[in-house]
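Please treat every number below as a calculation from the coordinates, not as lab data. Because the structure is a prediction, the values reported are computed rather than measured. All Cβ positions, even for glycine, are placed from backbone atoms using ideal geometry, and neighbour counts span all protein chains on display.
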Amino acid sequence: MPAPARFRDRAEAGRELAAALAPYAGRDDVIVLALPRGGVPVAYEVAARLRAPLDVYTVRKLGVPGHEELAMGAIAADGTTVRDDAVVHAAAIDAATFDAVREREMREIERREALYRPQQAPPSVRGRVAIVVDDGLATGATMRAAIAALRAQHPKRIVVAAPVAPADTRAELAHLADEVAIVYVPLFFRAVGLHYDDFTQTSDDDVRRLLERAHSDLSHSPTA
């Protein structure tokens with residue numbers, strides 16, 4: 001029997017996640033970083049309720065050729081790469097194949113960075129609390145790459161936040177991040193999308209619109 005959906009859509013999931021992150025509301029050292037694209041609608045709701053700036057942190061999964069949903073690693077915008085040696089070995093992935101996938105995904109990161117943040121440098125997280133948001137975590141590969149890349153920038157604290165994740169992924173990320181906030185940890189986890197009524201793909205236009213709205217909201221906030 002399929003697991004019942006827990007969230008109506010990403011916006012509702014973001015509002016529930018924001019409630020779990022309420023202690024960070026109103027702090028001037030907090031920044032919310034969304035993993036695009038699906039993490040952006042969730043993170044928009046979190047940033048709005050915490051009254052914190054929102055930006056994207058572009059990370060791409062490295063999928064096994066022919067089975068792209070299976071992560072053999074992930075890469076962040078600064079080139080930081082996380083490799084899942086167990087998957088690489090089981091799928092018999094050689095170095096040339098891994099590097100080819102890595103290069104392809106790096107080109108997609110560069111495209112998205114240019115689209116989402118034209119003529120703007122990535123935000124600094126040094127000395128700040130970085131709340132890294134996705135719409136759900138399965139293996140956690142992309143989030144691990146994000147954490148590794150962010151650690152090199154010396155943030156005050158890294159908080160991983162998602163509406164849904166399996167227990168083993170939450171436990172693994174708890175060893176890498178300073179805090180992990182998950183709204184729903186299902187007893188049986190199969191896929192993130194099964195826990196949403198509406199899991200419509202987030203478009204590049206959606207990402208740009210929400211980033212612009214978040215900037216405008218913060219600019220007009222009484223505490224801005």
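Each residue of segment 200-211 was assigned a 3J(HN,Hα) from its phi angle through the Karplus curve 6.51 cos²θ - 1.76 cosθ + 1.60 (θ = phi - 60°); the sequence is 4, 4, 7, 8, 4, 5, 4, 4, 4, 4, 5, 5 Hz, with glycine and proline shown as x. Taking the longest Cα principal axis of the chain as reference, the axis of helix 10-20 is set at about 70 degrees. Assuming charge only on the beta carbon of Lys and Arg (+1) and of Asp and Glu (-1), the dipole of segment 1-114 about its Cα centre is about 440 debye to the nearest 20. Entry note, segment 25-66: relative contact order of 47 percent, from Cα contacts under 8 Å with a spacing of 6+ residues. Does anyone have the angle between helix 141-151 and the longest principal axis of the chain? Alpha-carbon axes, 0 to 90°, nearest 10? It is inclined by approximately 60 degrees. The residue list PRO36, GLN119, VAL192 was ranked by how far each Cα lies along the charge dipole of the chain toward its positive end, using unit charges on Cβ atoms, and GLN119 comes out on top.
Only four residue types carry charge here, +1 at the Cβ of Lys and Arg and -1 at the Cβ of Asp and Glu. Report the dipole size of segment 46-176 about the Cα centre in Debye, rounded to the nearest 20.
Magnitude of the dipole: close to 800 debye.
When shorter helices are ignored and each DSSP H run of at least 4 residues is given -39500 (n - 2.57), the per-residue value for the chain at 222 nm works out to -12000 deg cm²/dmol.
Note on the chain: with a GNM built from Cα contacts shorter than 10 Å, the maximum mean-square fluctuation among THR80, THR200, THR58 falls on THR200. The label point for ARG208 and the one for GLN153, both projected 7 Å from the Cα toward the Cβ, are 2.2 nm apart.
Between ASP178 and ALA19, the simple label model (points 7 Å from Cα in the Cβ direction) yields a spacing of 2.6 nm.
Angle check, please: helix 95-116 long axis (alpha carbons) against the longest principal axis of the chain (alpha carbons), in degrees 0 to 90, nearest 10. The helix 95-116 is inclined about 20 degrees to the chain. Distance from the Cα centroid of segment 132-193 to that of segment 23-62 is 13 Å (rounded to whole angstrom). Among ASP78, ASP94, ASP29, the largest mean-square fluctuation in a Gaussian network model of the chain, built with springs joining Cα atoms closer than 10 Å, belongs to ASP94. Extension gain, ASP99 to LEU115: 0.36 nm times the residue separation minus the Cα-Cα distance gives 3.3 nm.
If the chain linking ARG126 and GLU68 were pulled fully straight, counting 0.36 nm for each residue of separation and taking away their Cα-Cα distance, it would gain 17.5 nm.
Based on Cα atoms of segment 104-224, Rg over Rh with Rh as the Kirkwood radius reads 0.98. Of all the options GLU45, GLU113, GLU68, the one that moves most in a Gaussian network model of the chain with Cα springs shorter than 10 angstrom is GLU68. A Förster radius of 22 Å combined with the Cβ-Cβ distance from ALA191 to ALA91 puts the calculated FRET efficiency at roughly 0.70.
Apply 1/(1 + (r/R0)^6) to the Cβ-Cβ distance of ARG27 and ALA167, taking R0 = 35 Å, and write down the FRET efficiency to the nearest 0.05. The formula returns an efficiency of 0.75 here.
Compute the normalised compactness of the chain: alpha-carbon radius of gyration over 2.2 N^0.38 Å, N being the residue count.
Normalised Cα radius of gyration, the chain: 0.98.
This model, with +1 at the C-beta of Lys and Arg and -1 at the C-beta of Asp and Glu, gives the chain a dipole about its Cα centre of some 500 debye. Backbone phi angles across segment 167-180, fed through the Karplus curve with coefficients 6.51, -1.76 and 1.60 (θ = phi - 60°), yield HN-Hα couplings of 4, 5, 5, 4, 5, 5, 5, 5, 7, 9, 9, 7, 7, 10 Hz in residue order; Gly and Pro are listed as x.
Computed on segment 69-224, with alpha-carbon pairs under 8 angstrom and 6+ residues apart, the relative contact order is 20 percent.
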